[in-house]
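Some notes on the structure that comes next.
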Amino acid sequence: MWDAEAVAAARSRFGGLTLIPGPESFTAERALAAAVADLRRQEPTASVTTVSADQLDLGRFQEMTGADLFASSTVAALTGLEKLPKTLDQPLLQLAAEVPEPVALVCVHGGGNAGKKTLDALRKLANPVVECPALKTSQFPAFAIAEAKAAGGSIDVQAAQRLVEAVGPDTRALAAAVSQLLSDSQEGRIEAEQVRRYFAGRANVTGFTVADACLAGRTGEAVVKLRWALATGTSPVFITSSLAGTLRQLGKYFAAARRSNRTADIAAATGAPPWKVNDLAALARLWDERSVAAAIRSVAAADAQIKGAADDPGFALEQLILKVARRRTAPAAG
């Protein structure tokens with residue numbers, strides 16, 4: 001997961017390559033800004049050029065990575081490395097293998113398989129490498145906690161979970177919400193009640209509220225909440241990820257509850273905060289493991305459809321809610 005302290009400790013350098021790989025664009029932007037700021041502290045007069053890889057040709061590449069006549073040092077930041085033209089793979093690797101002393105090279109790769117061979121080669125040449133992996137749904141509360149700590153404040157686990165439910169699993173939005181809540185807190189501490197008050201009266205319908213209504217059998221309410229969530233800007237992908245996350249927790253609950261009836265043990269096994277274990281216990285009375293597995297398969301199929309640019313994501317999600325509801329009422333299906 002993104003580690004702000006590790007990024008702060010990473011030391012970019014002239015005559016070397018800083019590599020920032022991973023699909024989490026917000027944290028990658030932060031890592032790039034931190035690397036450039038570090039280099040500018042070392043050489044305040046250094047020129048900085050940032051170019052998207054898909055805008056490069058050989059001439060532009062040589063220009064941005066060469067010594068600047070009007071500056072003692074040069075910072076060449078290359079973003080979207082996965083879009084680098086094939087003709088520039090070898091020139092980039094040759095430069096990365098022996099970066100001139102007045103030049104600092106910073107490369108950002110957005111994840112995926114595109115340009116992976118070049119990325120793997122650059123990993124062996126880079127120092128530092130700042131990873132920006134995609135966060136799992138269960139990791140977003142920890143991200144919010146780390147954000148508060150980095151800002152000199154704090155947020156408890158329940159408040160962090162509530163904040164994710166209100167804002168969604170979006171690092172950029174979470175960082176902004178943490179910053180706002182801390183600025184409104186006299187003691188520099190964010191608690192669940194503060195989160196509730198701050199988001200009260202807003203269009204506070206997220207994927208988690210849709211998922212809760214759907215899995216609890218309140219199908220009509222789930223459809224209404226879905227439409228409102230989409231109308232107020234909630235990403236369709238967040239709806240499917242919320243459904244999948246809750247279903248996975250429910251699946252883990254069955255196994256955990258067979259081993260122990262202690263809330264702490266079940267919370268640790270499911271990855272759910274202790275206050276949510278009671279919610280899972282209530283859902284477990286409406287589901288069994290086979291129906292949960294079938295519902296997860298339905299969610300995965302809908303998620304692939306939405307990410308494949310479905311003509312009407314809203315319709316696809318409504319159909320998914322109805323299908324998941326049928327799984328609950330017919331646990332032997334699938």
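The values are calculated or read from the model by the stated rules, or taken from the named source; none is laboratory data. Every value quoted in this text rests on a predicted model; they were computed, and no experiment measured them. In this analysis, Cβ positions are derived from the backbone assuming ideal geometry, glycine residues included, and neighbour counts consider all displayed protein chains.
Which of the residues spanning region 100-120 are under 20 Å from Ala33 (Cα atoms) and part of a loop (DSSP other than H, G, I, E, B)?
Within region 100-120, Pro102, Gly110, Gly111 qualify.
If Val108 meets every condition in (1) touching a Lys or Arg at 6+ places or on another chain (Cβ under 9 Å); (2) buried (at least 20 other Cβ atoms within 10 Å of the Cβ) apart from one, which number is that one?
(1)
Say whether the condition of being touching a residue at least 40 places away in the same chain (Cβ under 8 Å), assigned to a helix (DSSP H, G or I), buried (at least 17 other Cβ atoms within 10 Å of the Cβ) and not assigned by TED's automatic domain parsing to the domain that holds Val157 is met by at least one residue in region 260-274.
Taking every residue of region 260-274 in turn, none turns out to be touching a residue at least 40 places away in the same chain (Cβ under 8 Å), assigned to a helix (DSSP H, G or I), buried (at least 17 other Cβ atoms within 10 Å of the Cβ) and not assigned by TED's automatic domain parsing to the domain that holds Val157.
Would you check if Gly308 is among the small types (Gly, Ala, Ser), farther than 22 Å from Val164 by Cβ, at pLDDT below 85 and not assigned by TED's automatic domain parsing to the domain that holds Ala166?
yes
Here is a list: Leu105, Leu39. Which entry is touching a residue at least 12 places away in the same chain (Cβ under 8 Å), over 24 Å from Val237 (Cβ atoms) and in contact with a Ser or Thr (Cβ under 6 Å, 6 or more places away or on another chain)?
Sole residue among the options that is touching a residue at least 12 places away in the same chain (Cβ under 8 Å), over 24 Å from Val237 (Cβ atoms) and in contact with a Ser or Thr (Cβ under 6 Å, 6 or more places away or on another chain): Leu39.
Would you mention how many residues in region 161-204 are part of a loop (DSSP other than H, G, I, E, B), among the charged types (D, E, K, R) and at pLDDT 85 or above?
Here is the first cut: in region 161-204, the ones part of a loop (DSSP other than H, G, I, E, B) are 168-170, 184-188, 191, 200-204.
Cutting the leftovers down to among the charged types (D, E, K, R) gives us 170, 184, 187, 191, 202.
Pick out the ones that are also at pLDDT 85 or above and you get 191.
Here the count works out to 1.
Out of Ala282, Ala295, which single residue is buried (at least 18 other Cβ atoms within 10 Å of the Cβ), in the same structural domain as Ala325 (by TED's automatic domain parsing) and modelled with pLDDT of 85 or more?
Result: Ala295 is the single residue among Ala282, Ala295 that is buried (at least 18 other Cβ atoms within 10 Å of the Cβ), in the same structural domain as Ala325 (by TED's automatic domain parsing) and modelled with pLDDT of 85 or more.
Could you tell me how many of the residues in region 154-201 are surrounded by fewer than 21 Cβ atoms within 10 Å (Cβ to Cβ) and touching a strand residue (DSSP E or B) at 6+ places or on another chain (Cβ under 6 Å)?
The qualifying residues number 2.
Restricting to region 82-99, give me the number of residues that are part of a helix (DSSP H, G or I), without any contact (Cβ under 8 Å) to a residue 60 or more places away in the chain and of a type in the set (A, V, I, L, M, F, W, C).
Residues that pass the stated criteria total 5.
Do we find that Ala295 is under 28 Å from Arg172 (Cβ atoms) and either in contact with a Cys (Cβ under 8 Å, 6 or more places away or on another chain) or touching a residue at least 12 places away in the same chain (Cβ under 8 Å) (or both) in this structure?
No; evaluated as a whole, the condition is false for this residue.
Report, ordered by the first and then the second residue, all pairs with beta carbons closer than 7 Å, sequence separation of six or more or different chains, a first member in region 47-74 that is farther than 19 Å from Gly16 by Cβ and exposed (fewer than 13 other Cβ atoms within 10 Å of the Cβ), and a second member that is modelled with pLDDT of 85 or more and not charged (D, E, K, R).
Asp54/Gly80; Leu58/Thr87; Leu58/Leu88; Leu58/Pro91
Ala282: touching a helix residue (DSSP H, G or I) at 6+ places or on another chain (Cβ under 9 Å) and either touching a residue at least 12 places away in the same chain (Cβ under 8 Å) or part of a helix (DSSP H, G or I) (or both), yes or no? Working first, answer last.
Numbers: touching a helix residue (DSSP H, G or I) at 6+ places or on another chain (Cβ under 9 Å): no; either touching a residue at least 12 places away in the same chain (Cβ under 8 Å) or part of a helix (DSSP H, G or I) (or both): yes.
So Ala282 does not fit the description; no.
Do we find that Asp303 is touching a helix residue (DSSP H, G or I) at 6+ places or on another chain (Cβ under 7 Å), in a helix (DSSP H, G or I), of a type in the set (D, E, K, R) and in contact (Cβ under 8 Å) with a residue 40 or more places away in the chain in this structure?
Values: touching a helix residue (DSSP H, G or I) at 6+ places or on another chain (Cβ under 7 Å): yes; in a helix (DSSP H, G or I): yes; of a type in the set (D, E, K, R): yes; in contact (Cβ under 8 Å) with a residue 40 or more places away in the chain: yes.
Yes.
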